[in-house]
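Reviewing the structure listed below.
The values are calculated or read from the model by the stated rules, or taken from the named source; none is laboratory data. Note that the coordinates shown come from a computational prediction; the quantities given were computed from them, not determined experimentally. With ideal geometry, Cβ positions are generated from the backbone for all residues, glycine too; neighbour counts draw on all protein chains shown. Accessible surface is based on the protein model in full, side chains and every heavy atom, while ligands, DNA and RNA are left aside. Shrake-Rupley method; radii C 1.70, N 1.55, O 1.52, S 1.80 Å.
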Amino acid sequence: MAGTAKETIENLLKEALNSLGLEGEVALEHPVSLEHGDFSCNVAMVLAKEAGESPRELAEKITAALPEHEYISKVEVAGPGFINFHLSENFFTKQTTHVLSQEKQWGNSDNW
């Protein structure tokens, strides 16, 4: 399988930042509540001062610059500038298919 969902989203965020002439560390977290998505990022709040914009305005620009990807069903700006990512059904289907194809090898510590 190609990179994880987390790696994929991090790379997409870096692409979006790059297209806006910004650079910064992208750190994804799992929100406490699933209604806030599968991953959340505060990069807009971290870079807002440098960009000379409010965190929420910057988050809107970052989400607009994000390339589409089959793993992501929805991206939304929340609160003061969090960017929330909802993974797609396609992502979960591919992951489940991969796990099932591994049969007894899935999770086997001998494969590390």
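Report, to the nearest whole %, how much of the accessible area of the chain belongs to carbon and sulfur atoms, 1.4 Å probe, protein only.
Exposed carbon and sulfur together represent 50 percent of the surface.
Only one of the listed values, (1) 2, 12, 21, 21, 16, 11, 7, 5, 3, 1, 0; (2) 2, 10, 16, 17, 19, 14, 9, 6, 4, 2, 1; (3) 2, 11, 18, 20, 15, 10, 6, 4, 4, 4, 3, 2, 0, 0, was derived from the coordinates as P(r) over Cα pairs in 5 Å bins from 0, in percent; which label is it?
Identified label for the calculated read-out: (1).
Label point 7 Å out from residue 25 along Cα-to-Cβ: which residues of the range 35-58 have amide N under 13 Å?
42-43, 46-47
Lysine pairs in the chain with Cα distance under 15 Å, only those 8 or more apart or on different chains: how many are there?
The result is 5.
Of 13, 34, which has the most accessible area with a 1.4 Å probe, and how do the rest follow in descending order?
Solvent-accessible surface, decreasing: 34, 13.
GNM on the chain, C-alpha springs below 10 Å: top fluctuator among 94, 61, 14?
94
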